[in-house]
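These notes are about the structure you will find just below.
We did not get these values from a lab; they are worked out from the coordinates using the rules stated. Being a predicted model, the structure only gives us computed values, none of them experimental. Every residue, glycine among them, receives a Cβ derived from its backbone with ideal geometry; neighbour counts consider all protein chains shown.
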Amino acid sequence: MFRNNYDNDSVTFSPQGRIFQVEYAAEAVKQGSVVVGLTSKTHAVLCAIKRNAEELSSYQKKLFAVDEHVGLAIAGLTSDARVLSNFMKQQCLSERLTYDRAMPLELLVSLIGDKAQLNTQHYGRRPYGVGLLVAGVDETGPHLFEFQPSGLTQEMLACAIGARSQMARTYLEKNLDQFAACGRDELIHHGLRALKETLVQDRELTLENTSVGVVGLKELGKKALEPFKVHDGPDVKDWINSVADEAEAETSAEGGEGEGEGGEGMQVDE
Amino acid sequence: MAMFSQNPVLNGPNYSFAEVPKDAVDGLREHRFNPYTDNGGSTLAIAGADFAIMAGDTRLTSGYSINTRYAPKVFKIGGTTSSQDDANLLLSVVGYAADGEALQERLDAICKMYRYRHGKPMSVSACAKRLSTIMYQKRFFPYYVYAILGGLDEDGRGAVYSYDPVGSFEREQCRAGGAAASLIMPFLDNQVNFKNQYVPGTGVGHELKERERLPLPRNEVEVLVKDAFDSAVERHIEVGDGLQIMIITKDGIEEKVLPLKRD
Amino acid sequence: MDHRPQAWGRPRDDVYGAYDASYLQANGPNQHTQSPIVTGTSVVAMKFKDGVVMAADNLASYGSLARFTDVKRIRTFADTSIIGFGGDVSDMQYLDRHLTELGIDEAYQSEAGHTLNARNLHKYLSNLLYNRRSKFDPLWNHLLVAGLDEESRPFLAAADLLGTTFTSPSLATGFGGMLAQPIMRRYVPDEAAVAGVSRDQAVEVIRECMKVLFYRDARSLDSYSLAIVTKDGVELRENEKLEQQSWAFADRIKGYGTQTV
């Protein structure tokens, strides 16, 4: 049944120099619904699509507030993410208790990076099956970090992970130059536009399936903080509407009929 | 060994310890590092119908010296941010300041974890019990503080819980703590709980009817607090400098700092 | 109150009776520090509008013996903060090594250049002192930490061997609390007054305080360290001398030694 002989554990290299268990864990990230993160000079924003397993169930949480200055978005196994989120929460609390300061983002991310790396080097352990986008503000301004099950962490200006996230990344790459100067709502707007790109044809951003997390500086150059907050449901209505209006305007401007949404849209995700 | 025993014996009056041995007593005696000190100061809390008020002076002393004129004793607890804008509880601590701060930080961390896990703030009654447990766990090396916890209960009424250093606690209408507690508490008994107040002309001896106890309105309570501290400052050397007042209502927590005599 | 370091953290004689030193034997079980041995006296510091000035003399006493006359009791941290040490000198040296290590770790940990500011440093040190006292193994020091906070405002705070912390526009440890504080409080009675004090004024006041302390504190020295911390960094001068002393008041003092009044 095995695909090959080198994927029984996470401590054995394949002759090609790969560690399959870690690569499989990365696959788990791609199964998760998409999350987008992006930063400006003042803000860091996370946007996510929530899924419900069935019509009757609630939507799975995608964004977590870790501390007042940090939040994260997850793609992959939610239960693994909760372990990491709890750990980060503890670390942030203890940083405030011992130094009376907000945990520097770089430090926080390297802590979970080290934690995840350990799992790839000990027999009998399993890598985390989750990817994270960690957004926050510290002494040096807003930051966005990407975390992968391999233990890889890197700072990003904008990033998307999860199912069909390539579409979002394409959008982000195309518009990257604009982000730095964006205000709070503009940045959220870009985030939702990127998120929208990943949707299959007849899917829309709705109040139920969209989450937006925002953290930032109240004013550029000042230390006053807008604490990380997750916006769900009615809170995201205006933002979603603005993205929808724009899309409508675009399609009608292009002279399209706006009709072709018939019904044969492929149901790949969700 | 002369250098180790050169503390001058002060022969003047000591403040509250009148009878102390002046010479070494025969038999086994042990002297060692004393991990406690008393940083003076006084606190006060009163529960109203739909609010709770907590106050403390801001002087911090060691012996006869004033370390600082502004060291707050009343803290907001259980907010999600370090600015505590969305806090729903108040804690006052008086006695040994380092223990007070340690206790305050610990309780706050616990409330923050509670919020993170449950997605809602801790109720006063839950926090009151938790604080008792924390203090009792250190029963044999206690936090040397008199703590008072305040907030609004499930029905929106003002709640005040007072503690001794090893965690015994009780919900009360009002409580004074710290150096001038013995000066302020009798005043509160009379003015808040109407002790020894009777309705004139209702009889003699046991026939006398007690004045009916009603919760006081907020403006009256604020005046009461200021008066209590002004009096305490006159008579107690460890109380003074500033008066920090926090008032919790359904609309949040208001804080003000009023001047007290600095002599 | 007795403000010598020997008395810090001790049961008060006026409350608990005379100190019994009989337990101080050379052999026996391991003991934690029960009293300081080589000690430094006062540290004084006050805020001014763009920073903080601090001073401490260069003497380490062994009881009443002026044992070491060139011991620097103010150190810098990360070129942004300063710490003044009163009390036991060996514990000071332990803290010094510890802080050097902390500074290196911090510098390596972060590429973005996060550093602990004075507030962070003070919080860390007071936790350290409080945890040690809770183990009944105190570090017998009274520290002043000065620098700038996260908003670049002057920061000055104290921490002692019991973990007690406080902050004030002016601070002094030991005898300085009795002799220097009243002088400094004339200039900075409250936080609002700090904005009205210039750097030169603050230095002047601190020098005056060091002079008063040398006149009246028998465990002090006329050679001292002076540090000024502002947003531009730390200026630490370690070999200052007291100038313009006047002992004219001395011969008016009667009632000591063999003198009769």
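Report, in debye and to the nearest 20, how large the dipole of the stretch C:38-241 comes out about its Cα centre when Lys and Arg carry +1 and Asp and Glu carry -1 on their Cβ. Let's see the in-between values first.
Values: 23 positive and 27 negative charges, 126 e Å.
With Lys and Arg at +1 and Asp and Glu at -1, about 600 debye.
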- Note on the structure: Under the Karplus relation with 6.51, -1.76 and 1.60 and θ = phi - 60°, whole-Hz ³J(HN,Hα) for the stretch C:119-133, x at Gly and Pro, equal 5, 4, 5, 5, 4, 4, 5, 5, 4, 4, 5, 5, 5, 5, 5
- Message: Could you check the spin-label model distance between C:Gln109 and A:Lys229? Points 7 Å from the Cα along Cα→Cβ, value in nm.
- Response: 3.1
- Item | Where a label projected 7 Å from the Cα of A:Thr78 along Cα→Cβ would reach, residues of the stretch A:214-234 with amide N under 17 Å | A:230-233
- Length gained, A:Ala180-A:Thr98, 0.36 nm per residue minus C-alpha separation, equals 26.2 nm
- When the helix-only estimate is applied to chain B (DSSP H runs of n ≥ 4, each -39,500 (n - 2.57), divided by the residue count), what is the mean residue ellipticity at 222 nm, nearest 500 deg cm²/dmol? -8000 deg cm²/dmol
- How large is ³J(HN,Hα) for each residue in the stretch B:88-100, as worked out from phi by the Karplus curve 6.51 cos²θ - 1.76 cosθ + 1.60 (θ = phi - 60°), to whole Hz, x for Gly and Pro? 10, 9, 10, 10, 10, 10, 9, x, 8, 4, 5, 5, x
- Note on the structure: For chain A, whose charge dipole is built from +1 on Lys and Arg Cβ atoms and -1 on Asp and Glu Cβ atoms, the candidate among A:Gln90, A:Ala73, A:Tyr128 with its Cα farthest towards the positive end is A:Gln90
- Once you have the Cα-Cα distance between B:Arg157 and B:Asn196, take 0.36 nm times their residue separation minus that, and quote the gain in nm to one decimal. 11.5 nm
- Amide H contacts under 5 Å for B:Ser62, restricted to residues at least 5 apart in sequence or on another chain and with H modeled in the peptide plane, are B:Asn67
- Taking C:Lys254 as the anchor, which lysines have their alpha carbon closer than 22 Å to its alpha carbon, excluding any fewer than eight residues away along the same chain? C:Lys211
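Summing -39500 (n - 2.57) over the DSSP H runs of n ≥ 4 in chain A and dividing by its residue number, what mean residue ellipticity at 222 nm do you reach, to the nearest 500 deg cm²/dmol?
Working: 6 runs with 95 residues, N = 270.
Calculated at 222 nm, the ellipticity per residue is -11500 deg cm²/dmol.
Other chains' Cβ within 10 Å of B:223-232 residues: what's the mean?
Details: counts 0, 0, 0, 0, 0, 0, 0, 0, 0, 0.
If you average over the peptide's residues, the count of other-chain Cβ atoms is 0.
Could you give the alpha-carbon Rg of the stretch C:38-241 over 2.2 N^0.38 Å, rounded to two decimals?
Numbers: Rg = 15.9 Å, N = 204, 2.2 N^0.38 = 16.6 Å.
Output field value: 0.96.
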- Task: Please work out the Cα center distance from the stretch A:68-96 to the stretch A:97-156, rounded to the nearest Å.
- Result: 9
- Report the FRET efficiency, 1/(1 + (r/R0)^6), for C:Asp70 and A:Asn8, where r is their Cβ-Cβ distance and R0 is 45 Å, rounded to 0.05. 0.10
- Message: How many angstrom lie between the Cα centre of the stretch C:142-216 and the Cα centre of the stretch B:44-122?
- Response: 26
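Quick one: Kirkwood hydrodynamic radius for the protein assembly as shown, alpha-carbon pairs, angstrom, one decimal? Can you show the working numbers first?
Details: mean 1/r = 0.0330 Å⁻¹.
30.3 Å is the Kirkwood radius here.
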- Query: Can you list the lysines whose alpha carbon is less than 22 Å from that of B:Lys73, not counting same-chain residues fewer than 8 positions off?
  - Reply: B:Lys112, B:Lys129, B:Lys138, B:Lys226, B:Lys256, B:Lys261, C:Lys123
- So what's the convex hull volume per residue for the Cα atoms of the stretch A:20-269, in Å³? 137
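Taking the Cα centre of the stretch C:187-258 as origin, work out the dipole magnitude from +1 charges on Lys and Arg Cβ and -1 charges on Asp and Glu Cβ, in debye rounded to 20.
Values: 10 positive and 13 negative charges, 73 e Å.
With Lys and Arg at +1 and Asp and Glu at -1, about 340 debye.
Which FRET efficiency, nearest 0.05, do B:His118 and A:Glu55 yield, Cβ-Cβ r, R0 25 Å?
Numbers: r = 28 Å, r/R0 = 1.11.
E(calc), rounded to 0.05, equals 0.35.
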- Query: Which whole-Hz ³J(HN,Hα) couplings does the stretch A:131-140 yield from phi under the Karplus relation 6.51 cos²θ - 1.76 cosθ + 1.60, θ = phi - 60°, glycine and proline marked x?
  - Reply: x, 10, 10, 9, 10, x, 10, 10, 2, 9
- Taking the Cβ-Cβ separation of B:Arg262 and C:Val203 as r and a Förster radius of 41 Å, what is the calculated FRET efficiency to the nearest 0.05? 0.95
- Task: May I ask which residue of C:Ile253, C:Ser225, C:Asn239 lies farthest towards the positive end of the charge dipole of the stretch C:201-261, with charges of +1 (Lys, Arg) and -1 (Asp, Glu) on Cβ and the Cα centre as origin?
- Result: C:Ile253
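If you place +1 on the Cβ of every Lys and Arg, -1 on the Cβ of every Asp and Glu, and leave all else neutral, what size is the dipole of the stretch A:20-269 about its Cα centre, to the nearest 20 Debye?
Working: 25 positive and 38 negative charges, 261 e Å.
That gives a dipole near 1260 debye.
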